[in-house]
Amino acid sequence: MADQKVGQLIDALGVEADLDEGDLPTDAFVILKVIKKDGTVSLASARSEGLDWITRLGMLTAAQSIENSGYTDTPSDDT
């Protein structure tokens, strides 16, 4: 297996991020679903250079929480 830059792959998949003007992304952790030549499906991950394991674990944990329950940065009207 050879390391590949994933920027163009992500662009080709149509991935977009909801960022405000002036936001400065600093790190990325990417999970890719891959279909191998033999038809098997696997997962691969990639991370930005310099991303330490504790930040990566925190990002993954936060992403799981967001995916499981949704996220909003404004209070709900239900409270």
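Of all residues in region 42-61, those satisfying the criterion of being within 12 Å of the chain's Cα centre (by Cα) and in contact (Cβ under 8 Å) with a residue 12 or more places away in the chain are A44, S45, A46, R47, S48, R56, M59, L60.
Any residue in region 1-29 that is under 12 Å from A46 (Cα atoms) and of a type in the set (F, W, Y) sitting within a Cβ distance under 6 Å of a residue that is open to solvent by 100 Å² or more (accessible area, probe 1.4 Å) and at pLDDT below 95? List the pairs, counting only those 6 or more apart or interchain. Partner pairs satisfying both residue conditions: F29/R47.
The values are calculated or read from the model by the stated rules, or taken from the named source; none is laboratory data. Worth saying up front: this structure is predicted, and the values here are computed from it rather than measured. Neighbour counts are summed over all protein chains in view; Cβ atoms, including those assigned to glycine, are modelled from backbone coordinates with ideal geometry. In case anyone asks, the SASA skips ligands and DNA or RNA and just uses the protein heavy atoms, side chains included. Shrake-Rupley method; radii C 1.70, N 1.55, O 1.52, S 1.80 Å.
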